[in-house]
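Below you'll find the structure, written out as structure tokens, and then a few comments.
The values are calculated or read from the model by the stated rules, or taken from the named source; none is laboratory data. Only a predicted model underlies this, so the values are computations on that prediction, with no experimental measurement involved. Positions of Cβ are backbone-derived with ideal geometry, glycine not excepted, and every protein chain shown enters the neighbour counts. Each accessible area value is taken on the protein alone, full model and side chains, heavy atoms only, with ligands, DNA and RNA left out. Shrake-Rupley method; radii C 1.70, N 1.55, O 1.52, S 1.80 Å.
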Amino acid sequence: MPSIVACAKTTTPRDRVRDVAAGLFADRGLDGFKMRDLAQRLGVSVMTPYRYFENKEAILACVRAHGFACLADALDQARGGGTLEERVAGLATAYGAFATAEPARYRLMFALAPAQVPGVAEVRRQERRVEDAFAAHAAGFAVVGPSCADPVADPVALGRLLWSTLHGVAVLHLGGQLPQADLTDALCQAARALVIACAGTGPAVITPAGTTFAGTAA
């Protein structure tokens, strides 16, 4: 699994500011992040980052959007054929590899940030790409799922539930609450149990209209 930084070209000055800033956010959090410290890490003047971003909140939004974009790409690449077991394992393995590639950056993707900052629309757009990727996986599970009138829940609803479940397991693992667990195995078991539990239940998941998994309004 490539690092989050490596999932897209990072040759432009704006991309370099974003990637160096991601490390600084990971080290110090939003409150401890200072533009002068970013400039020092970049080896540029204090005003140089302002050529590309209005403020630190805008930089964080860009970091988050980039992370969600890379996660969506990883999930899309993991979608394939095979048995239900193989498809579920493919999704869980891809998610676990992404979350553990750069744990600090993964946490940043779900960091709380002001709702109205430059770049927040792109964050939401990339979040929706991840939701769409999960829904596509869920639809694939329905194709090969148990034989019944409604093999699995509505793909969109099931996709959101899968994302919530895998994210919860990943956060517990990264936080040390599941120190003895192999993350890939734990994710596979969680995803498998969820898909089996949803088999034949129909669209029973209710989510607030106009919201995404990360909690922002659509």
Taking Rh as the Kirkwood radius, which is the inverse of the mean 1/r over Cα pairs, what is the Rg/Rh value for the range 157-202? 1.03
Rg and Dmax of the range 78-143 over Cα atoms: what are they, in angstrom? 14.6, 44
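Between Tyr52 and Thr100, what FRET efficiency follows from the Cβ-Cβ distance if R0 is 25 Å, with the result rounded to 0.05?
E(calc), rounded to 0.05, equals 0.25.
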For Glu131, solvent-accessible area (1.4 Å; no DNA, RNA or ligand), Å²: 20 Å²
